[in-house]
Amino acid sequence: IVSKALFDHEVSGQTDRVAVAMNSFRDSFGGIEAIFPDWVPVPGKKRILSAIAEIDSIVYGMIDRRGARAADAEDAGDLLSSLVAARTQEDGLSREELRDELLTLFIAGHETTSHALSWTFHLLGKHPEIAKRVREEASALGHAPGWDDLPALGYTKQVLEESMRLYPPAYAVPREAMEPAEVGGFTIPVGADVVVWVYHAHRDPRWFAEPTRFDPDRFDAERRKSIPQCAY
C-alpha cells in the first residue's frame, strides 16, 4: 500500500527489488556500526553503504523517470508525481529532498502500521473482554467497516490509542537544537541532538494512572481531558 501510494509501484512480495532494498536499508541501522563514519571498517558498515547505494539507485531512478514525463506526473495519482510536478514551482523540492521525503514516508508508513497492528492484536489476545467489545462495535454496523464508518467506531479508536500509548511505534523522536535552550535545568547547546523518549512519557504515572494497565477507556471523551498536552 505504501509503495503504491508513494511511487505508484506494486510490491510483489519480498523478492521485489524495492522491498528487499528498503528492508535492508531499515535493518542496517539497527546496530552500533550505523553511528561510525563511512571510512571506519567496522562489520556491517559495508552492508549499510550497499543498502544506501541500492536505495539511491531505485528512488533516484523513479524520480528521474517521473520527471522526464512531468507533464503527465500530476495524473499518476501518487505522491511522487505530485512532488515532481511541484518541482517546477519556485519553492519546489530538490532531487535530494525528494529522495529524503520519500524514504522517510516509506519507512515510517510501513513500520509504524505493522508495529501498531501487531501490538494491538497482542493486547486484544490478552484481554478477551476488550476484544469482545471491539467485535460487537463492528458487528453493530451490519456490514464490513469502511472509511465512512470510522466515526461510529469510537471504542475501536480508543483501543488503538491505548495500544499505541503502551507500545508507541515511534517510541523516540530525535531533534537538533537550532538555538541554545534550557530544559529541566540542563543547557542544550546549538547543534546538540535531543531525543524525546515517547515510550517513557506514555508510561509516566504523573500523566497516566496505572500506566502499565491496558485501559482503552482512558481515551473516552471525558477521561482524555485529564491527559496533559504533549503527554501523549
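The values are calculated or read from the model by the stated rules, or taken from the named source; none is laboratory data. Predicted model, so just to flag it, every value in this text is computed and none were measured. Please note: Cβ atoms are built from the backbone with ideal geometry, for glycine as well, and neighbour counts cover all protein chains shown. Just the protein is used for accessible areas: all its heavy atoms, side chains included, with ligands, DNA and RNA removed. Shrake-Rupley method; radii C 1.70, N 1.55, O 1.52, S 1.80 Å.
How much length, in nm to one decimal, is gained on full extension between residue 114 and residue 206, taken as 0.36 nm per residue of separation minus their Cα-Cα distance? Please list the in-between numbers first.
On the way: separation 92, 0.36 × 92 = 33.12 nm, distance 2.94 nm.
Fully extending the segment from residue 114 to residue 206 adds 30.2 nm.
For the peptides 190-199, 152-161, 112-121, the ranking by mean Cβ contacts within 10 Å, running from highest to lowest, is 152-161, 112-121, 190-199.
Take the Cβ-Cβ distance between residue 65 and residue 38 as r, set R0 to 30 Å, and report the resulting FRET efficiency rounded to the nearest 0.05.
Numbers: r = 28 Å, r/R0 = 0.94.
Once rounded, the FRET efficiency stands at 0.60.
How many percent of Cα pairs in the range 98-232 exceed 20 Å? Could the numbers behind the result be given before it?
Working: 5343 of 9045 pairs.
So the portion of pairs separated by more than 20 Å is 59 percent.
Surface composition of the range 81-232: carbon and sulfur make up 58 percent of the accessible area, probe 1.4 Å. Residue 104 versus residue 26, label points 7 Å from Cα toward the beta carbon: distance in nm? Label at residue 104, label at residue 26, 1.8 nm between them. Take the Cα of residue 173, step 7 Å toward its Cβ, do the same at residue 17, and the gap between the two points is 3.7 nm. Overall, the chain carries a charge dipole of about 780 debye about its Cα centre when +1 sits on the Cβ of Lys and Arg and -1 on the Cβ of Asp and Glu, all other atoms neutral.
Ignoring ligands, DNA and RNA, what accessible area per residue does the chain give at 1.4 Å, in Å²?
Values: 14860 Å² over 232 residues.
Roughly 64 Å² per residue, with all protein chains present.
Based on C-alpha pairs under 8 angstrom that are at least 6 apart in sequence, the chain has a relative contact order of 13 percent. When the Cα positions of 152, 209, 39 are compared along the charge dipole of the chain, 209 comes out farthest toward the positive end, with charges on each C-beta of Lys, Arg, Asp and Glu. Rounded to the nearest whole Hz, the Karplus-based 3J(HN,Hα) values (6.51 cos²θ - 1.76 cosθ + 1.60, θ = phi - 60°) of the range 142-149 follow the sequence x, 7, 5, x, x, 4, 5, 8, with x at glycine and proline.
Stokes-Einstein diffusion of the range 122-186 at 25 °C, 0.890 mPa s viscosity, Kirkwood radius from Cα pairs, rounded to a whole number: 164 µm²/s.
Computed from the C-beta positions of residue 187 and residue 213, the FRET efficiency with R₀ = 41 Å rounds to 0.65. Helical runs (DSSP H, four residues minimum) scored at -39500 (n - 2.57) apiece and divided by the length of the chain put the mean residue ellipticity at 222 nm at -15500 deg cm²/dmol.
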